[in-house]
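To start, the structure under review is shown below, and the notes come after it.
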Amino acid sequence: MGVFIGGGAIASSLLVLFLCACTADAQLRPNFYGGRCPNLEGIVRGAMRTAVSSDPRLPASIIRLFFHDCFVNGCDASVLLADTPTFTGEQNAFPNRNSLRGLDVIETIKAAVEAACNATVSCADILALATRDGVVLSGGPTWRVPLGRRDATTASQSAANSNLPGASSSLSVLLNSFANQGLNLRDLVALSGAHTFGLARCVTFRNRIYNDANIDPAFAAARRATCPQAGGAGDPAPLDVTTPNAFDNAYYANLLSRRGLLHSDQELFNNGSADSIVRSYANNGAIFFRDFAASMVKMGNIAPLTGSNGEIRRVCSRVN
Ligand code: HEM
């Protein structure tokens, strides 16, 4: 074809180009299940509403599950697979151990979806929908969730250890970790805005409140009161000191006043390339909401299993 390109060859290469563009763009789509599970979105939303009414922290825990799923070999529900004597999954990787929450709620929602549409909807898609609904229930933006992901039959503890950035990360480490997933600086700053709700354990911010220089002194002192430097586990603290359970842009205002809880949070506003984006989100919640929704769709598109790859799990915590 490189030597002689006749009309037929041009037509067929155009066709190939067209097909490639099509499959790349159209892998996931909001109406993927259509008539095969018409009440899917209502079932997930109703179950989330019930669960959140007794646990306001749940939306934070669920979105974190989604993040920790997507960054480890794609959004394939691998994070939901429990360890067994013969299977090592991701739940005991360092970023996940003793800190994942909401697994039981995803399992409850999955059971409700199975009762309505047997063996049809993946756990990966249920997690994506529950994540969006949790953000909305907490006051955040909404977006249409592209669907059609299938569930992994494997998981990788080592990929979870290497792909998920830690709280002590510098801006360049964060940027690199996001770039590895096809996400840019703006995605990093927007998605970090999920730290507008939820809690972090003392072990994740101890070093910051005792050793960092770019921290508001009164804020550091308040945090030290319940997170001892030595001799105890301490208490978890809100990632957003201003509005701990609400999904809003207060996280960014906190960064402007050097009240980011994690070292990695404050790295986004520390005389670097992310400063101007942080400022714009702090000043304009609508821009943050718009960008956040777009970046969530982008993160949700990371390496999904589609077509005949993977499976539709019956139960999210184990393969069929
Ligand atoms: C930018 C790099 C990130 C780092 C270094 C990071 C780190 C952390 C750490 C250390 C915790 C506390 C975990 C614990 O103490 O158990 C945490 C919690 C949390 N993270 Fe991140 N995170 C990052 C990005 C994200 C992203 C992209 C999202 C979602 C889109 C997210 C959502 C959350 C939420 C909501 C919580 C609170 C969870 C709960 O209360 O159960 N994080 N994160």
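Taken together, the values in this text are just the output of simple stated rules run on the coordinates, not laboratory data. A quick note: this is a predicted structure, and the numbers were derived from the prediction, not measured. FYI the Cβ positions are ideal-geometry reconstructions off the backbone, even for glycines, and counts take in every protein chain you see.
Observations on the structure shown:
- Inter-label distance, nm, simple model (7 Å from Cα along the C-beta direction), Glu107/Ala303: 2.7 nm
- Extension gain from Asn184 to Ala116, taking 0.36 nm per residue of separation minus the Cα-Cα distance: 20.6 nm
- Most positive-pole-ward Cα, Leu261, Asn283, Ala294, against dipole of segment 171-298 from beta carbon charges: Leu261
- Taken one residue at a time, the phi angles of segment 30-47 give Karplus couplings (6.51, -1.76, 1.60, θ = phi - 60°) of x, 9, 3, 7, x, x, 6, 7, x, 9, 3, 5, x, 5, 5, 4, x, 5 Hz. Gly and Pro are set to x.
- Simple rule: put +1 on each Lys or Arg Cβ and -1 on each Asp or Glu Cβ in segment 34-164, find the dipole, and look at Pro141, Pro38, Gly102; the Cα lying farthest toward the positive end is Pro141.
- Charging the Cβ of each Asp and Glu at -1 and of each Lys and Arg at +1, and nothing else, the dipole of segment 34-164 about its Cα centre rounds to 320 debye.
- Rg to Rh quotient for segment 164-271, alpha carbon positions, Kirkwood Rh: 0.96
- Per-residue Karplus couplings for segment 81-97, computed as 6.51 cos²θ - 1.76 cosθ + 1.60 with θ equal to phi - 60°, are listed in order as 6, 7, 5, 9, x, 10, 9, 10, x, 9, 5, 10, 5, 4, x, 9, 4 Hz, Gly and Pro entered as x.
- Taking the chain and dividing mean pair separation by its residue count, relative contact order in percent (alpha carbons under 8 Å, at least six apart): 24 percent
- Ordering Phe219, Phe178 from the fewest to the most neighbouring beta carbons within 10 Å gives Phe219, Phe178.
- Under Karplus coefficients 6.51, -1.76 and 1.60, residue-wise ³J(HN,Hα) of segment 143-154 in Hz, glycine/proline x: 7, 7, 9, x, 10, x, 5, 10, 9, 5, 9, 9
- Segment 113-237: relative contact order in percent, alpha carbon pairs under 8 Å with at least 6 residues between: 15 percent
- Packing-based exposure ordering (other Cβ within 10 Å, fewest first) of Lys110, Lys298: Lys298, Lys110
- The charge dipole of the chain, taken about its Cα centre with unit charges on the Cβ atoms of Lys, Arg (+1), Asp and Glu (-1) only, comes to about 200 debye.
- Once backbone amide H atoms are built at 1.01 Å from N, Leu305 has Arg150 as its partners under 5 Å, excluding neighbours fewer than 5 places away on the same chain.
- Dividing the radius of gyration of the alpha carbons in the chain by their Kirkwood radius gives 1.01 for Rg/Rh.
- Linear extension gain, Arg201 paired with Asn92, 0.36 nm per residue minus alpha-carbon span: 37.6 nm
- Dipole of the chain, positive direction: furthest Cα of Thr306, Phe247, Ala77, with charges on the beta-carbon: Phe247
- Packing-based ranking, highest mean first, of 160-171, 222-233 given that Cβ atoms within 10 Å are counted: 160-171, 222-233
- The relative contact order of segment 171-298, computed from alpha carbon pairs under 8 Å that lie at least 6 residues apart in sequence, is 30 percent.
- Here the residues Val105, Val203, Val79, ranked from fewest to most Cβ neighbours within 10 Å of their Cβ, fall in the order Val203, Val105, Val79.
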